[in-house]
Amino acid sequence: MVGHAAPSSPTSRLTEAELVGVYRNLNVIYVADFNAAAAGEKPDTNGLDPHRAARKSDDRPARELDLSGFTDVGAHMTDPTPTVGHTRDDPLKVRCDRQHTTLPHEAITGYGVVVAADDLSDHRPVWAEYTLE
């Protein structure tokens, strides 16, 4: 599945995550710009607009996906590399571009964030490798 969560509404993003939970009993790879922090992520918000920082730091949608049985692939592979926040226009460093899956952990065989093309976009691409049997 591919998604793009509501860019300006934490409440809508939480609702979207709750709706995705209906797929928890299927084999799913969910790739999206979640427009919010990963579960447990505590970004540095010093000097940033407090309203925007609070909205983008909200990790409730990510925690909802976790509760539904989706695994955050980056967290599972212990890679905390932020996918946004590397530009002057948007300095809030969070891992908002993520892959979540219901596949067994042993199916996740690779993961990374492409940082070599930071001048091309305000979002860094995320890749993952899965071995399906």
Enumeration of residues in the range 104-124 that are surrounded by fewer than 12 Cβ atoms within 10 Å (Cβ to Cβ) and either of a type in the set (Phe, Trp, Tyr) or in a strand (DSSP E or B) (or both): Thr109, Gly110
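Hey, among the residues in the range 11-60 that are basic (Lys, Arg) and in contact with a Ser or Thr (Cβ under 8 Å, 6 or more places away or on another chain), which one's surrounded by the most Cβ atoms within 10 Å (Cβ to Cβ)?
Filtering first and then ranking leaves Arg55.
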Matching residues, the range 81-103, being assigned to a loop (DSSP other than H, G, I, E, B), surrounded by 12 or more Cβ atoms within 10 Å (Cβ to Cβ) and not polar (S, T, N, Q): Pro82, Gly85, His86, Asp90, Pro91, Leu92, Lys93, Arg95, Cys96, Leu103
Flag for Thr78 being over 22 Å from Arg13 (Cβ atoms) and of a type in the set (Val, Ile, Thr): yes
Selected residue [of a type outside the set (A, V, I, L, M) and within 26 Å of Gly21 (Cα to Cα)] from Thr45, Thr83: Thr83
Members of the range 111-132 that are of a type outside the set (A, V, I, L, M, F, W, C), under 29 Å from Tyr23 (Cβ atoms) and free of Cβ contacts under 8 Å to residues at least 24 places away in the same chain: Ser121, Glu129
Condition met for Arg63 (within 18 Å of Ala6 (Cβ to Cβ) and surrounded by 15 or more Cβ atoms within 10 Å (Cβ to Cβ)): yes
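Just so you know, all these numbers are worked out from the coordinates, no wet-lab data involved. The model shown is predicted, which means the values in this text are computed figures rather than measured ones. Ideal geometry is used to build each Cβ from the backbone, glycine not excepted, and the neighbour counts take in all protein chains shown.
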